[in-house]
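The values are calculated or read from the model by the stated rules, or taken from the named source; none is laboratory data. Just so we're clear, the structure is a prediction, and the values are computed from it rather than from any experiment. Heads up, the Cβs are rebuilt from the backbone with ideal geometry, glycines too, and the neighbour counts pull from every protein chain shown. We work out accessible area using only protein heavy atoms, side chains counted, and drop any ligands, DNA or RNA first. Shrake-Rupley method; radii C 1.70, N 1.55, O 1.52, S 1.80 Å.
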Amino acid sequence: MRDGYVDYDGIAADPRFAQVVAALATAEPPGERDAALAWSINAYNALVIQAVLLGQPGTDGPGKRLATGPRFDVAGSRITLDQLERERLRPAGDPRVYLALACACLSGPRLANHAYPATGLDAALDDASRRFVNDITRNRFDIAQRSAFLAPPFAVHGEDFAA
């Protein structure tokens, strides 16, 4: 991974990635809030990468198609990325999570080159949010016109950010 761009060929060639995805099937998510949230963010990001490696994205844009399309084995259930988001991420009530999620599209957040930690998660989400908001390839602010041109995650999850 370099500057948020994923080296899919490198990941596909690394047997450790396949082991991570396989382990998600039977893993038991932690009970503590930050640990559970970090686990879910990391699972989501790994599964987006897995979907791309399996050729799942469609030509109509990967974000929505990925979210509702393929099913993955996660913690003993077969679920979509949308279900993972709705059932494990959104209930946390922290919209910064959306700025840490991979969506396999250029308008979305750049994927971090590390897993999100349980300890220090708040700081890691602050960092991911700061990077995304200040990324002029995704968001622009015209101070003179008092206008903001924001990337899709802000529109898609507008209610969560407004709260």
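Among the residues of the range 56-65, what is the count of those that are open to solvent by less than 60 Å² (accessible area, probe 1.4 Å) and modelled with pLDDT of 65 or more? Give the steps one after another, and end with the answer.
Going residue by residue through the range 56-65, those that are open to solvent by less than 60 Å² (accessible area, probe 1.4 Å) are 57-58, 61-63.
This time we only want the ones that are modelled with pLDDT of 65 or more, so: none.
Summing the residues that are open to solvent by less than 60 Å² (accessible area, probe 1.4 Å) and modelled with pLDDT of 65 or more in the range 56-65 gives 0.
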Check off (1) closer than 24 Å to ALA51 by Cβ; (2) of a type in the set (A, V, I, L, M, F, W, C); (3) loosely packed, with under 13 Cβ neighbours inside 10 Å for ALA112 and give me the number that stays unchecked. (3)
Out of all the residues in the range 22-37, which are open to solvent by 20 Å² or more (accessible area, probe 1.4 Å) and farther than 17 Å from PRO91 by Cβ? ALA22, ALA23, ALA25, THR26, ALA27, GLU28
Filtering the range 83-109 for residues that are open to solvent by 50 Å² or more (accessible area, probe 1.4 Å) and among the aliphatic types (A, V, I, L, M) leaves a count of 1
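If the requirement is being modelled with pLDDT of 90 or more, touching an Asp or Glu at 6+ places or on another chain (Cβ under 6 Å), open to solvent by 30 Å² or more (accessible area, probe 1.4 Å) and among the aliphatic types (A, V, I, L, M), which of these qualifies: ALA123, ALA144, ALA118? Steps first, answer last, please.
Details: ALA123 fails: touching an Asp or Glu at 6+ places or on another chain (Cβ under 6 Å); ALA144 fails: touching an Asp or Glu at 6+ places or on another chain (Cβ under 6 Å).
Only one candidate passes the filter, namely ALA118.
Give, as residue ranges, the strands (runs of 3 or more DSSP E) completely inside the range 72-163 that count at least 2 residues that are of a type in the set (S, T, N, Q) and within 19 Å of ILE41 (Cβ to Cβ).
Details: elements: 77-80, 140-142, 147-149.
Where strands (runs of 3 or more DSSP E) fall fully within the range 72-163 and carry at least 2 residues being of a type in the set (S, T, N, Q) and within 19 Å of ILE41 (Cβ to Cβ), they are 77-80.
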Please list, ordered by first then second residue, the pairs with beta carbon atoms under 6 Å, 6 or more apart or interchain, first in the range 128-157 and aliphatic (A, V, I, L, M), second open to solvent by 60 Å² or more (accessible area, probe 1.4 Å). ALA148/PHE141
What's the number of the condition SER40 fails, among (1) over 20 Å from LEU106 (Cβ atoms); (2) crowded, with 17+ Cβ neighbours inside 10 Å; (3) modelled with pLDDT under 95? (3)
